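Working notes, structure below.
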Amino acid sequence: MIDWLFADENLPLVFAVLMALSVILYAVLDGYDLGVGLLLPMDNAEQRDSAIASIGPFWDANETWLVLAIGLLLVAFPAAHSEILHALYLPATFMLIGLILRGVAFDFRAKVSVTQKRQWDYLFKLGSLIATLTQGFVLGMFVMGFEYTVGGVFFSILSAFGVATAYALIGSTWLIMKSEGELHRRALRWAKYSGAIAFAGILAVCFINPLINSFVLERWTTIPMAYFIGAIPLLCFSMFAVGYQVLKRLPLEGHRGDWVPFLMTVVVFLCCFAGLALSFYPYVVPGQLTIYETASAPESLRIMLVGALLVLPMIAGYTVFAYTTFRGKTTALRYY
Amino acid sequence: MLDVLMLSRIQFAANISFHILFPTITIALGWLLVYFKLRYDKSGHPVWMRAYRFWVKVFALTFALGVVSGITMSFQFGTNWPGFMETIGNIAGPLLAYEILTAFFLEASLLGVMLFGFNRVPGWVHTLSTFLVALGTTMSAFWIIALNSWMHTPAGFEMREGVAHATDWLAIIFNPSFPYRFAHVLMSSALTVCFLVAGISAYRMYRGDSKQAPKVTLKTALFSAALLAPTQAFIGDLHGLNTLEYQPQKVAAMEGIWETEKGAPLLLFAIPDEDARENRYAIGIPKLASLILTHDLNGEIKGLNEFKGEHPPVKPLFFGFRVMVGTGLLMIMVAWWCSWRLYRRDSLTQLQLKVVMGMTFSGWIATLAGWYVTEIGRQPYLVSGVLKTQDAVTDIASGNVMLTLAIYLSIYVALLIAYIRTLFLMARRSVELEEIQPEERERQKGITRGSMRKEVSA
């Protein structure tokens, strides 16, 4: 097993898997806190406080997965990193600005007067929106092979709103899990709306993607891959069907089952991601560059893999520790 | 219009200058919080917890600014300096990866517990979390300084087809300038925090805060500074000697020495003229530069004319070095002057409080000046002798870089103002607080009577 991992010819794949893992963890983890930012209720200060308190202990670590994903792209596939960021110079910059605004707004809001707090909250919401839309745009550009054609940009804009919906969905189900009272009722409503739109969006991508990328269509229709590709949408859409029923029945006595919608949304995210990953492997720039063409020297990848294998279990350990420390319904955050 | 090389350099310099302000604080502030928490654990005296609680908020704010500006950095390598990773990616990659894996996750994951977990986890777990966050920030510095030092004094690699390949990882990490630079950076962080903590505490006292916490933090900070500032001068001297050995052109520019000479003077002031290749209005102390750098009054120092076309611009190094050293000397004097008074009288005069307040951000000035000296001093190279800066730059349209630079600059200025204002706002707010907080009273009810008595007697 270890020999296989460290063999020269397998290293690019191993790092592609690690990178995919960080991307999906990022999408789920920062997805819910960006989603909470998008949904931040500007009409009710108390609900804003408790929405933000629900993500307070986690957002820093969530964003670190983006640093790891970009870091892995940079260090394991440097040629692809240059190519992609060259094509995405402006969207990437705007995403960073969004992340800067929301990251600092989060900390400033807790330390200023009440009137200024509301302004930082607006900035938090705005930053979350910018970061989300640009991430969706980048995803769309990836699917379109980073080509700035009219169709490509149009699809990417649609994708921007798709990702915003997806983050709103996972953000609202996070709030269902973490909140109580009026905020909880609103979160249930948000989850229903965003779930419906997300469903339509995913359905659309399932039809558009194979039409744009011929190699995707070929892969989707070739046995045995076709079975996998067929199973993923099935699982995904059944989550939506069951999820809707669950949302209708919540809240139950004593907030039992409040975690179910969030978990189901995570499954939806995993399905979408698996669908994309299976469609595009081994490309890192679809149709142009593969992971094998762009990988760093094996001796450099090997020393990073040693570190990753040693440290990832520890990261998993203290992430679990942090989430258990702040489990259950959110209470007000105090530096005490 | 400026070309894309100059714009990218300005943008990178702006990003990294803005970024370094915050890690410089969090590295040492993390350890100071560990100290406060340990004192609290040991004595149970609430003043340590109050100090912790105030400064952990500063830590949180500073950390957030460090994180978001740090994410920007990781993108800039690819967007503006593609040649950097293409040439030395095999070296820089693993070092950056180790930073993310061993440091980023540690600090970011446990920060939540450190900030908000005091009532949710046992006391020792909270102390351990604080310790691990501090360890994370320091490890982060370790990896980054290893990479930065390697760019100055590359070792343990070979070039194959224009790309660097690692041959000896220990030689890469512990490259010749690494130990000196790492020590110098850690110490600069410690001093920055000493004067920040002293400055904000002095501000609280100046505003009439008679509680114990600011007094305790002021003392801790000034006494530490009195010890650390001279230590930093010593480490800086060692670092300079190391630079003289590996990057003599940088030292020549710092000292403004054009011709190789024996018994070179230490210039206190001059205006270097790069066209005429001489100094104007020079005031110096004879032979002192030779004495400091070679420990011999008539020691020979190589001049800039030996490195024509291959040496960095002289003015920024010459002045930057003087700003750094000047600030450092000022730190030593203020720290000693105030520590002496604190030792004798246990309080500062109004004048001293004002001076300490004025020094609140002196660490930032010295740190930035020092970084400018060392980084501009590496030019025209990005990696000494391996890669020139102009060969690594992107071919993105300069208009795009101009646009993003303008946005970054305006955001950075706004955030810096907000940050400084918020620090002083937090200080003013805590002036109005009562000595004993309601939470503490709650807490006291659950604790033994022994610690109650301590509270009253203290």
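The values are calculated or read from the model by the stated rules, or taken from the named source; none is laboratory data. Every value quoted in this text rests on a predicted model; they were computed, and no experiment measured them. No Cβ is skipped: glycine too gets one built from the backbone with ideal geometry, and neighbour counts run over all protein chains shown. The protein model used for the area step is the full one, side chains on, heavy atoms only, and it has no ligands, DNA or RNA in it. Shrake-Rupley method; radii C 1.70, N 1.55, O 1.52, S 1.80 Å.
Computed quantities for the displayed model
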item: Selection from the range B:63-75 of residues that are more than 9 Å from chain A (Cβ to nearest Cβ) and crowded, with 21+ Cβ neighbours inside 10 Å; result: B:66
item: For residue B:260: the one exception among (1) under 16 Å from residue B:308 (Cα atoms); (2) touching a strand residue (DSSP E or B) at 6+ places or on another chain (Cβ under 7 Å); (3) open to solvent by less than 40 Å² (accessible area, probe 1.4 Å); result: (3)
item: Options A:325, A:294, A:290, A:330; residue that is more than 10 Å from chain B (Cβ to nearest Cβ), farther than 20 Å from residue A:69 by Cα and not charged (D, E, K, R); result: A:330
item: Residue, farthest from the other protein chains (Cβ to nearest Cβ), within the range B:113-130, restricted to residues that are small (Gly, Ala, Ser) and either touching a Leu at 6+ places or on another chain (Cβ under 6 Å) or open to solvent by less than 10 Å² (accessible area, probe 1.4 Å) (or both); result: B:129
item: Only listed residue being open to solvent by 40 Å² or more (accessible area, probe 1.4 Å) and not basic (Lys, Arg), chosen from A:217, A:247; result: A:217
item: Exclusive hit being open to solvent by less than 30 Å² (accessible area, probe 1.4 Å) and under 23 Å from residue B:132 (Cβ atoms), set B:38, B:21, B:7, B:110; result: B:110
item: Only one of A:318, A:283 that is within 13 Å of chain B (Cβ to nearest Cβ), touching a Leu at 6+ places or on another chain (Cβ under 8 Å) and either under 28 Å from residue A:215 (Cα atoms) or surrounded by 14 or more Cβ atoms within 10 Å (Cβ to Cβ) (or both); result: A:318
item: The range A:118-161: number of residues that are among the charged types (D, E, K, R) and surrounded by fewer than 16 Cβ atoms within 10 Å (Cβ to Cβ); result: 2
item: Residue check, residue A:278 open to solvent by 50 Å² or more (accessible area, probe 1.4 Å), away from chain B (no Cβ under 14 Å), in contact with a helix residue (DSSP H, G or I) (Cβ under 7 Å, 6 or more places away or on another chain) and at pLDDT below 85; result: yes
item: The lone exception for residue A:32 - which of (1) part of a helix (DSSP H, G or I); (2) open to solvent by 30 Å² or more (accessible area, probe 1.4 Å) it fails; result: (2)
item: Within the range B:368-389, considering residues that are out of contact with any Pro (no Cβ under 7 Å at 6 or more places or on another chain) and assigned to a helix (DSSP H, G or I), the one surrounded by the fewest Cβ atoms within 10 Å (Cβ to Cβ); result: B:368
item: Filter pass, residue A:298 being out of contact with any Gly (no Cβ under 8 Å at 6 or more places or on another chain) and not β-branched (Val, Ile, Thr); result: yes
item: Selected residue (only one of A:241, A:226 is without any contact (Cβ under 8 Å) to a residue 24 or more places away in the chain, open to solvent by 50 Å² or more (accessible area, probe 1.4 Å) and assigned to a helix (DSSP H, G or I)); result: A:241
item: The range B:301-315 - residue that is among the basic types (Lys, Arg) and more than 12 Å from residue B:250 (Cβ to Cβ) and, of those, surrounded by the most Cβ atoms within 10 Å (Cβ to Cβ); result: B:315
item: Residue identified as touching a helix residue (DSSP H, G or I) at 6+ places or on another chain (Cβ under 8 Å), surrounded by fewer than 19 Cβ atoms within 10 Å (Cβ to Cβ) and hydrophobic (A, V, I, L, M, F, W, C) among A:273, A:326; result: A:273
item: Positions within the range B:41-58 being free of Cβ contacts under 8 Å to residues at least 40 places away in the same chain and more than 10 Å from chain A (Cβ to nearest Cβ), in sequence order; result: B:42
item: Count of residues meeting criterion [on the phi < 0 side of the Ramachandran plot and part of a loop (DSSP other than H, G, I, E, B)] in the range A:287-336; result: 14
item: Subset of the range A:93-141 [charged (D, E, K, R) and part of a helix (DSSP H, G or I)]; result: A:102, A:107, A:109, A:117, A:118, A:121, A:125
item: Pick from the range A:40-75, criterion within 12 Å of another protein chain (Cβ to nearest Cβ) and assigned to a loop (DSSP other than H, G, I, E, B), ranking: modelled with the highest pLDDT; result: A:58
item: Selection within the range B:191-203 - among the aromatic types (Phe, Trp, Tyr) and open to solvent by less than 10 Å² (accessible area, probe 1.4 Å); result: B:195
item: Enumeration of residues in the range A:89-107 that are out of contact with any Leu (no Cβ under 6 Å at 6 or more places or on another chain) and more than 8 Å from chain B (Cβ to nearest Cβ); result: A:91, A:94, A:95, A:98, A:102
item: Pair list, Cβ < 8 Å and 6+ apart or interchain, from the range B:405-423 residues that are more than 11 Å from chain A (Cβ to nearest Cβ) to residues that are open to solvent by 10 Å² or more (accessible area, probe 1.4 Å) and outside any helix (DSSP H, G or I); result: B:420/B:361
item: Filtered residue count, the range B:131-141, keeping only those that are within 12 Å of another protein chain (Cβ to nearest Cβ) and open to solvent by less than 20 Å² (accessible area, probe 1.4 Å); result: 3
item: Residue match in the range B:155-166 (condition: assigned to a helix (DSSP H, G or I), of a type in the set (Phe, Trp, Tyr) and either more than 30 Å from residue B:355 (Cβ to Cβ) or within 13 Å of chain A (Cβ to nearest Cβ) (or both)); result: no
item: Tally of residues being part of a helix (DSSP H, G or I), open to solvent by 10 Å² or more (accessible area, probe 1.4 Å) and more than 14 Å from chain A (Cβ to nearest Cβ) across the range B:167-190; result: 10
item: So residue A:80, is it at the interface with chain B (Cβ under 10 Å from one of its Cβ atoms) and buried (at least 22 other Cβ atoms within 10 Å of the Cβ); result: yes
